[in-house]
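Engineer: Quick one: the structure is below, questions incoming.
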Amino acid sequence: MFIHSNLIDRMKLPFRKDRELYASLRDILGFYPHHIRHYKLALQHKSTSHPGQGHRTDHNERLEFLGDAVLESIVSDILYHRYTDRREGFLTNTRSKLVQRDTLNRLAREMGLERLIHSNSRANAHNSYMGGNAFEALIGAIYLDRGYDACMAFVRDRILGQVINIDKMAAQEVNFKSKLLEWAQKNRLQLEFRLVEEQRENQAPVFVTRVVIEGLDGETGKGYSKKESHQHAAKATLRSIKGDKTLKMAILEARNNRLAAAAPPEKDSAEAE
């Protein structure tokens, strides 16, 4: 739907670029923003921040954090009421497909959100998750601007009603390896799939792979191809990380220790003078 020019005039927007942003957001959201500042922030990538700003949060990472939580809650709600006879495992897998970074990137691209993001050209060329991150930040902006019910209506009616075929996606196989790689990248973790054994069953080769994160052993997976063994190992490891807070904390602690050891030593005050 297109925004009428006389309605824009009555809104008394001070700048032409704000008029254009309102019109673009109206087409994406299906409603007019109440507080445009939330949406401007959602579209501001951290690459546009200037050095020396300290802890100023003039980019969308905090909104991305908020939107990620709201989106997961909404998708869980929708799936719970849509698939009343399906078990927890099906609901979890389907939610993973809907909120994974590849899906959110596609949404940002197809809805025209990508072209509204403010970033420097170098970051845009090297950040394949920028669109998906901005989509999560957009959900955060809607939540702050209009509340949970508006977020629910947007996801249910605009996203799952028009862009994504939820039943088709639910039937697709989850790429557990991609999901684990995404989680590792987002948390700056070192991850590898290590082939630990090659067996033979009924004259066919069988591969056993172990996931290793920050030098810590994850789970193993077995398959008739290395790709299949990676998928099974990734699935088992994701389950362990979700169910075992001790393992997750050990991984994050190992990461922090690695990053601290790699950081340059600080000069003491005497040397500095």
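The values are calculated or read from the model by the stated rules, or taken from the named source; none is laboratory data. None of the values given here were measured: they were computed from a predicted structure. Virtual Cβ from ideal backbone geometry, glycine too; neighbours counted across all protein chains shown. Only protein heavy atoms, including side chains, enter the accessible area calculation; ligands, DNA and RNA are left aside. Shrake-Rupley method; radii C 1.70, N 1.55, O 1.52, S 1.80 Å.
Engineer: Kindly indicate which of 87, 56, 95, 37 is at pLDDT 90 or above and basic (Lys, Arg).
Structural biologist: Result of the check over 87, 56, 95, 37: 37.
Engineer: Inspect region 134-143 for any residue being open to solvent by 20 Å² or more (accessible area, probe 1.4 Å) and either at pLDDT below 90 or farther than 19 Å from residue 41 by Cα (or both) and give the result as yes or no. Steps first, answer last, please.
Structural biologist: Looking only at region 134-143, we keep the residues that are open to solvent by 20 Å² or more (accessible area, probe 1.4 Å), and these are 143.
If we keep only those that are either at pLDDT below 90 or farther than 19 Å from residue 41 by Cα (or both) as well, we get none.
No, the conditions are met nowhere in region 134-143.
Engineer: Identify, by number, the condition in (1) closer than 19 Å to residue 102 by Cβ; (2) within 18 Å of the chain's Cα centre (by Cα) that residue 171 doesn't meet.
Structural biologist: (2)
Engineer: A further question on this structure: Does region 233-259 hold any residues that are open to solvent by 50 Å² or more (accessible area, probe 1.4 Å), assigned to a helix (DSSP H, G or I) and farther than 17 Å from residue 93 by Cβ, and which are they? It would help to see each step written out before you state the result.
Structural biologist: In the first step, residues of region 233-259 are kept if they are open to solvent by 50 Å² or more (accessible area, probe 1.4 Å); the result is 235, 239, 242-246, 248-249, 253, 256-259.
Remaining after also requiring assigned to a helix (DSSP H, G or I): 235, 239, 242-243, 245-246, 248-249, 253, 256-259.
Answer for region 233-259, where residues must be open to solvent by 50 Å² or more (accessible area, probe 1.4 Å), assigned to a helix (DSSP H, G or I) and farther than 17 Å from residue 93 by Cβ: 245, 246, 248, 249, 253, 256, 257, 258, 259.
Engineer: Against the conditions (1) in contact with a Lys or Arg (Cβ under 7 Å, 6 or more places away or on another chain); (2) of a type outside the set (D, E, K, R); (3) at pLDDT 95 or above, where does residue 131 fall short? Just the number, please.
Structural biologist: Here residue 131 clears every test but (3).
Engineer: Among (1) within 21 Å of the chain's Cα centre (by Cα); (2) surrounded by fewer than 12 Cβ atoms within 10 Å (Cβ to Cβ), there is one condition residue 201 misses while meeting the rest; what is its number?
Structural biologist: Among (1) within 21 Å of the chain's Cα centre (by Cα); (2) surrounded by fewer than 12 Cβ atoms within 10 Å (Cβ to Cβ), residue 201 violates only (1).
Yes or no, residue by residue, for (1) charged (D, E, K, R); (2) out of contact with any Leu (no Cβ under 7 Å at 6 or more places or on another chain); (3) at pLDDT 95 or above; (4) under 26 Å from residue 58 (Cα atoms):
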| site | (1), (2), (3), (4) |
| --- | --- |
| 125 | no, yes, no, yes |
| 151 | no, yes, yes, yes |
| 159 | no, no, no, no |
| 176 | no, no, no, no |
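Engineer: One residue is enough: does region 219-232 have a residue meeting the conditions part of a helix (DSSP H, G or I) and under 30 Å from residue 82 (Cα atoms)?
Structural biologist: We begin by selecting, within region 219-232, every residue part of a helix (DSSP H, G or I); these are 226-232.
Narrowing the set further to residues that are under 30 Å from residue 82 (Cα atoms) leaves 231-232.
Yes: region 219-232 contains one or more residues that are part of a helix (DSSP H, G or I) and under 30 Å from residue 82 (Cα atoms).
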